[in-house]
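All remarks here apply to the structure that follows.
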Amino acid sequence: MSTSTETIEQLANREYKYGFVTDVDADTIPKGLNEDVVRLISEKKGEPAWLLEWRLKAYRLWLTMKEPNWQNVKYDPINYQDIVYYSAPKKKKVLNSLDEMDPEVRATFDKLGIPLEEQKLFAGVAVDAVFDSVSVATTFRAKLAEKGIIFMSFSEAVREHPELVKKYLGSVVPYSDNFFAALNSAVFSDGSFVYIPKGVRCPMELSTYFRINAKDTGQFERTLIVADEGAYVSYLEGCTAPMRDEHQLHAAVVELVAHDDATIKYSTIQNWYPGDKDGKGGIYNFVTKRGLCAGRSSKITWTQVETGSSITWKYPGCILQGDNSIGEFYSVATTNNWQQADTGTKMIHIGKNTRSTIVSKGISAGHGQNTYRGLVRIGKNAKNARNYSQCDSMLIGDKCGAHTFPYLEIKNTSARVEHEASTSKIGEDQIFYCRQRGISTEDAVNMIVSGFCKEVFRELPMEFAVEAQKLLSVSLEGSVG
Amino acid sequence: MLQIKNLQVKAEDKQILTGVDLHVKAGQVHAIMGPNGSGKSTLARVIAGHPEYVVTGGEVLYEGRDLLEMDPDERAREGVFMAFQYPVEIAGVNNAYFLKAAVNAKRKHLGQPELDAMEFMELIKEKSKLLEINQAMLQRAVNEGFSGGEKKRNEIFQMALLEPKLAVLDETDSGLDIDALKTVAAGVNTMRGPDRAIIVVTHYQRLLDYIVPDHVHVLSAGRIVKSGGKELALELEQKGYSWIETGAQPVGA
């Protein structure tokens with residue numbers, strides 16, 4: 001065995017550093033799912049009747065739905081009765097300030113590098129922190145409120161802005177959309193809500209940090225972001241979970257609505273626990289994300305860096321309804337050890353002169369399986385629609401796989417659609433070349449992978465691009481050989 | 001500087017070097033010639049530490065230290081440089097960025113302060129004229145979309161930046177037209193000096209018209225069968241390798 005292989009293997013076995021568990025006194029309901037559980041979640045959150053009704057409709061529909069199996073990933077059947085659908089750190093009363101937050105929970109976010117004291121945060125980033133089933137803190141709310149921006153937990157939004165929630169909830173991803181969207185609609189516990197009023201440019205990055213802590217618990221959050229006419233917002237989500245031998249389910253729904261001339265940039269740095277090197281444990285990340293470019297010249301950009309999870313399965317898409325609207329998708333997905341990913345996007349062109357760009361970078365190492373699946377649909381009225389897709393795969397080692405499934409449906413002859421794809425292998429030769437110039441194996445791998453992902457990283461907000469690059473190098477270390 | 005004693009090397013169970021002896025002193029330029037498949041490139045790559053080869057016998061001392069014990073990147077930082085016959089492309093990695101990482105890896109190893117972007121650009125400016133490296137070549141990805149000549153010039157440019165003690169040029173002349181060959185040779189010649197040893201591996205004598213060696217060795221079937229001065233290269237040019245192979249038979253027998 002060559003020296004470089006050994007070094008890489010040592011690095012590969014480095015531990016997932018977010019894998020710790022926090023000991024908190026939690027309000028956890030028993031495992032299992034039935035109508036009473038749905039009612040209980042709704043009651044715990046003090047929800048209005050219309051929302052409970054919506055949940056119940058979703059639940060009843062879900063019962064009739066079949067779990068999809070067309071995706072290119074393999075996993076043992078999920079026992080939906082063996083999951084805890086609600087777990088929240090106990091609190092004595094409604095929090096008035098951070099000082100009343102469970103110190104353990106607060107310490108958890110500190111340890112994750114997400115301090116919730118406003119003065120300690122990156123200047124210009126507001127954070128909503130979600131711990132298991134509930135949002136525990138939202139920073140900079142007052143400052144944002146001065147501009148009329150609403151940034152709060154979903155539960156609070158239901159109480160304080162029911163008219164907005166009612167208007168937009170399920171408007172992009174209806175509860176009937178798919179099996180996991182229906183499940184989420186029935187049992188979702190919290191998430192973030194953002195509303196940017198007309199003509200307002202959100203002055204800071206908004207961010208939600210999701211943390212799964214409790215055992216056997218699924219996380220089902222919903223995020224809803226609405227940018228009114230001419231508004232602009234850049235939003236980022238990050239996620240981690242403890243290391244456990246059992247798989248945990250994360251089935252989230254994200255809905256974005258951009259009105260005339262509005263822009264939403266949505267970035268994800270996903271670092272859920274990926275399972276150990278033998279494939280034991282890890283998060284099933286089954287998520288439905290969709291943005292609606294409702295208005296003219298609106299724009300939605302999805303940027304995702306998916307390094308974690310045992311299985312990642314999601315297709316953040318854009319419905320380009322408004323004329324001249326723009327959808328973009330930039331993705332880096334890595335699968336190392338036994339991780340699997342089936343991810344990509346859907347660009348649905350409805351309006352005239354709509355444009356979409358897809359840049360997908362898949363990196364497979366170890367026994368990882370990485371699939372790009374993307375749909376570009378040009379409707380019959382989408383005159384002069386344009387799409388450019390680029391899907392690149394990189395293989396590290398010879399036990400992993402890369403797969404590409406592009407779907408094109410074009411019903412308007414004026415459309416222009418381009419698709420480019422490539423597969424490359426990070427070879428011993430590239431690494432040797434770097435080493436011959438004095439660059440260590442570790443630095444060489446990082447350099448080669450970052451080079452490969454450059455087009456995606458530059459779409460991330462500044463503060464997080466560096467973080468994403470580091471994360472990627474950690475998740476791939478030890479993968480060459 | 002470099003002492004190779006009875007070096008035997010295998011690759012994928014095939015014995016390629018069967019017993020190479022070579023002694024290179026600082027200040028010297030040695031040419032290694034030989035027919036295809038004689039093991040020339042293998043010798044170059046073993047000196048650089050390519051992981052594909054297994055050393056089955058003999059030893060290699062570099063400045064009195066066991067070179068074979070050192071990792072490839074450590075060898076590089078200690079001053080061993082190889083110009084690749086086929087320089088490798090690295091997509092998305094800016095050439096200037098790559099060069100800076102290489103230069104700073106070495107400086108760090110030697111306990112020198114790392115160069116910042118400004119200092120590095122100064123260094124590049126000075127060295128790039130010589131090898132006709134233009135701004136575009138620095139901003140493109142490493143070797144990506146480079147012509148054959150550009151790749152080889154880029155190799156020697158790296159050598160000029162890294163200022164190795166021992167440089168091994170592996171068929172640097174292959175794929176070069178005469179103008180490119182002259183440029184590359186001129187770059188190498190400015191690097192000649194009392195503290196530096198250079199080993200030029202080549203199939204053809206042509207390159208040696210421009211980089212004039214102190215010693216010429218002929219490698220055949222995995223060992224050096226004849227050594228001499230620069231006139232040996234000319235003799236080979238006239239008579240071809242078969243002359244040496246036949247002449248070498250008594251030695252090999």
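Here are a few things to note about the model shown:
- Positive-pole candidate from A:Gly291, A:Leu249, A:Ala262, dipole of the stretch A:215-343, charges at beta carbon: A:Leu249
- Taken one residue at a time, the phi angles of the stretch A:186-198 give Karplus couplings (6.51, -1.76, 1.60, θ = phi - 60°) of 6, 10, 4, 10, 6, x, 10, 10, 10, 9, 10, x, 3 Hz. Gly and Pro are set to x.
- Shielding by partners - mean other protein chain Cβ count within 10 Å, residues of A:424-431: 3
- Efficiency of FRET between B:Leu130 and A:Lys277 - r from beta-carbon atoms, R0 45 angstrom, step 0.05: 0.40
- Label-point separation in nm, A:Lys380 to A:Met65, each point 7 Å along Cα→Cβ: 2.9
- Taking every Cα-Cα distance in the stretch B:1-54 and sorting them into 10 Å bins from zero, the calculated P(r) comes out as 22, 57, 20, 1 percent.
- Projected label points at A:Trp50 and B:Leu61, each 7 Å from Cα along the beta carbon direction, are separated by 8.9 nanometres.
- Of the trypsin sites (Lys or Arg not before Pro) found in the stretch B:60-95, not one falls in a DSSP loop while having at most 13 other beta-carbon atoms within 10 Å.
- A 1.4 Å probe run over chain B, with the rest of the protein chains in place, finds 44 Å² accessible per residue.
- Calculated over chain B: convex hull of Cα atoms, volume per residue (Å³): 124
- Debye log10 I(q)/I(0) for the stretch A:145-269, one point scatterer per Cα, at q = 0.22 Å⁻¹: -1.34
- Charge tally in the Cβ shell below 13 Å around B:His203, where Lys, Arg are +1 and Asp, Glu are -1, B:His203 excluded: -2
- For B:Lys10, the lysines whose Cα falls under 18 Å of its own Cα, not counting residues fewer than eight places away in the same chain, are B:Lys40.
- Fraction of accessible area attributable to carbon and sulfur, chain B (%, probe 1.4 Å): 48
- Chain A against chain B buries an accessible area of about 2100 Å², both chains summed, 1.4 Å probe radius.
- Convex hull of Cα atoms in the stretch A:330-438, direction-averaged projection (nm²): 7.6
- Using a Förster distance of 35 Å, the FRET efficiency for A:Lys57-A:Tyr388 (Cβ separation, nearest 0.05): 0.35
- Pairs of lysine residues in the stretch A:342-422 that meet both criteria, 8 or more places apart or on different chains and Cα atoms under 23 Å apart, total 10.
- Cross-link table A:Lys425/B:Lys151; B:Lys100/B:Lys165; A:Lys425/B:Lys5; A:Lys74/A:Lys299; A:Lys147/A:Lys299, entries beyond 25 Å C-alpha to C-alpha: A:Lys425/B:Lys5; A:Lys74/A:Lys299
- Per residue, the convex hull around the alpha carbon atoms of the stretch B:63-174 comes to 110 Å³.
- Selection of trypsin sites (Lys or Arg not before Pro), the stretch A:23-87, meeting DSSP coil and at most 10 other Cβ within 10 Å: A:Lys66, A:Lys74
- Summarising the label geometry, the points placed 7 Å from Cα in the beta-carbon direction at A:Lys147 and A:Thr423 lie 4.6 nm from one another.
- By the helix-only formula, in which each DSSP H run with n ≥ 4 contributes -39500 (n - 2.57) and the sum is divided by residues, the protein assembly as shown has a 222 nm mean residue ellipticity of -8500 deg cm²/dmol.
- Rounded if a/c under 1.5, otherwise prolate or oblate - the stretch A:178-227, Cα gyration tensor axes: oblate
- A 1.4 Å probe, protein heavy atoms only, puts the accessible area of A:Thr404 near 50 Å².
- When restricted to Cα atoms, the stretch B:75-137 yields an Rg and a Dmax of 12.6, 32 Å, respectively.
- Kirkwood-based shape ratio for the protein assembly as shown, expressed as Rg/Rh from alpha carbons: 1.08
- Averaging over all projection directions, the Cα-based convex hull of the stretch A:209-353 occupies 7.5 nm² in the image plane.
- Other protein chain Cβ atoms within 10 Å, averaged over every residue that makes up B:97-103: 4
The values are calculated or read from the model by the stated rules, or taken from the named source; none is laboratory data. Treat the numbers as computed from the prediction; the structure is a model and nothing was measured. Neighbour counts run over all protein chains shown; Cβ positions are idealised from the backbone, glycine included. Surface areas here come from the heavy atoms of the whole protein model, side chains and all, with no ligands, DNA or RNA. Shrake-Rupley method; radii C 1.70, N 1.55, O 1.52, S 1.80 Å.
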